[in-house]
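To keep things clear, I will list the structure first and then write my remarks on it.
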Amino acid sequence: MKDVSLKPDSLRQAEAVAVLHAPAECIERLRSGDTEKGDPLKTARVAGILAAKRCDELIPLCHPLPIYRADVDFELAADRVAVRATVLTIGATGVEMEALLAANLAALTIYDMLKPYCEPEQLWISDSRLLEKQGGKSHFVRHLSRPRRASVIVLSDRVAAGEKADTAGVAAGNILEQAGFEPVGCRVLPDNADALRQALQADREQGIELILTVGGTGLGPRDITVDAVQPMLDKEIPGLMETARGFGQRRTPYAMLSRGIAGLSGNSLIITLPGSRRAVEESMAALLPGIVHLIDVHAGADHPGGYAA
């Protein structure tokens, strides 16, 4: 199965349809609920809902998801019935397959209950397709409207001394470039408050729109990043790091120990990330839609409220 552990939860919805063709007399039995097995539409609705809830058991590579809503509705015409299924969850993957399975199993249930009343060639299912999906990468903007400037500053005595390779800063730069930022240079500084403040001030004066610091957000005696950055912020944005910590907390209990902060300093957005590559990847997975939205909004670009058009 695909690894979705770095995908943030979001509200996801899908709608699918399947069409059952049948003779007019069979359609009338649907309207009246008159078959020897009972009411076809009521039974099909329950079957479709059960299918949505058990999709991962029937389609091998589908992820199990909590189903918060599953509806099956019917549109009857003279010689057909359109079965529409709507499924909703809050999760890391979408519910397209759940909706498709619900629509098709509901249609098959109707087929089973009508087949005693017509010839086999008079019943068939067609037009099975996804009508709409919302949520996830297709719903949240994760790429800038145009290239913008960013910098990454790594705080680590050991990396600065050449005793350890920098992987976290490189990961941060790669993520930013994939999101549409201009090629990002990565500077390495020792855990020194004065050196960090000078670097931040230089970036701010150059009009760098996003500054990521990596490392020094914990509780060690050399973790000075947060204390150095906080006085430089004009407006703190608590929600950014609340989101990052909440995302990380579901993956490691040590996320609670990060003191990371974020905010605006002049026209620059400063975000203080933990110092491990994994923590950077997890934090950016959670933060990137908000970062992209905030950078574009702060620059005066048109934006659809944080949702993709």
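The values are calculated or read from the model by the stated rules, or taken from the named source; none is laboratory data. For clarity, every value in this text was computed on a predicted model and none was experimentally measured. Backbone-built Cβ (ideal geometry, glycine too); neighbour counts: all protein chains shown.
Regarding the stretch 197-213, can at least one residue be identified that is in contact with an Asp or Glu (Cβ under 8 Å, 6 or more places away or on another chain) and part of a loop (DSSP other than H, G, I, E, B)? Taking every residue of the stretch 197-213 in turn, none turns out to be in contact with an Asp or Glu (Cβ under 8 Å, 6 or more places away or on another chain) and part of a loop (DSSP other than H, G, I, E, B).
The residues of the stretch 138-159 that are at pLDDT below 95 and of a type in the set (Gly, Ala, Ser), listed by number, are SER138, SER145. Of the residues in the stretch 166-179, at least one is surrounded by fewer than 18 Cβ atoms within 10 Å (Cβ to Cβ), outside the structural domain of ARG80 (by TED's automatic domain parsing), touching a Lys or Arg at 6+ places or on another chain (Cβ under 9 Å) and hydrophobic (A, V, I, L, M, F, W, C). Considering (1) touching a Leu at 6+ places or on another chain (Cβ under 6 Å); (2) within 14 Å of THR109 (Cβ to Cβ), the lone condition that ALA44 does not fulfil carries the number (1).
The single condition among (1) on the phi < 0 side of the Ramachandran plot; (2) surrounded by 13 or more Cβ atoms within 10 Å (Cβ to Cβ); (3) modelled with pLDDT of 95 or more that TYR307 does not meet is (3).
Residues are listed down the side, and each one gets a yes or a no for (1) at pLDDT 95 or above; (2) of a type outside the set (S, T, N, Q):
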position: ALA52; (1), (2): yes, yes
position: ALA92; (1), (2): no, yes
position: MET97; (1), (2): yes, yes
position: ALA103; (1), (2): yes, yes
position: THR109; (1), (2): yes, no
position: GLU119; (1), (2): yes, yes
position: TRP124; (1), (2): yes, yes
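Is it true that GLU182 is in contact (Cβ under 8 Å) with a residue 24 or more places away in the chain and among the acidic types (Asp, Glu)? The answer is yes for GLU182.
Exactly one residue out of ASP127, ASP56 is without any contact (Cβ under 8 Å) to a residue 40 or more places away in the chain and either in contact with a strand residue (DSSP E or B) (Cβ under 8 Å, 6 or more places away or on another chain) or outside the structural domain of ALA286 (by TED's automatic domain parsing) (or both): that is ASP56. The single condition among (1) in contact (Cβ under 8 Å) with a residue 60 or more places away in the chain; (2) in contact with a helix residue (DSSP H, G or I) (Cβ under 7 Å, 6 or more places away or on another chain); (3) surrounded by 16 or more Cβ atoms within 10 Å (Cβ to Cβ) that LEU101 does not satisfy is (1).
When the stretch 181-217 is filtered for residues that are surrounded by fewer than 17 Cβ atoms within 10 Å (Cβ to Cβ) and either under 18 Å from LEU288 (Cβ atoms) or under 28 Å from the mean Cα position of the chain (by Cα) (or both), the ones remaining, listed by number, are GLU182, PRO183, GLY185. With respect to (1) crowded, with 17+ Cβ neighbours inside 10 Å; (2) under 17 Å from ALA286 (Cα atoms), the lone exception for MET256 is condition (1). Does LEU294 satisfy the condition of being in the same structural domain as LEU200 (by TED's automatic domain parsing), out of contact with any helix residue (DSSP H, G or I) (no Cβ under 7 Å at 6 or more places or on another chain) and modelled with pLDDT under 95? Yes, satisfied.
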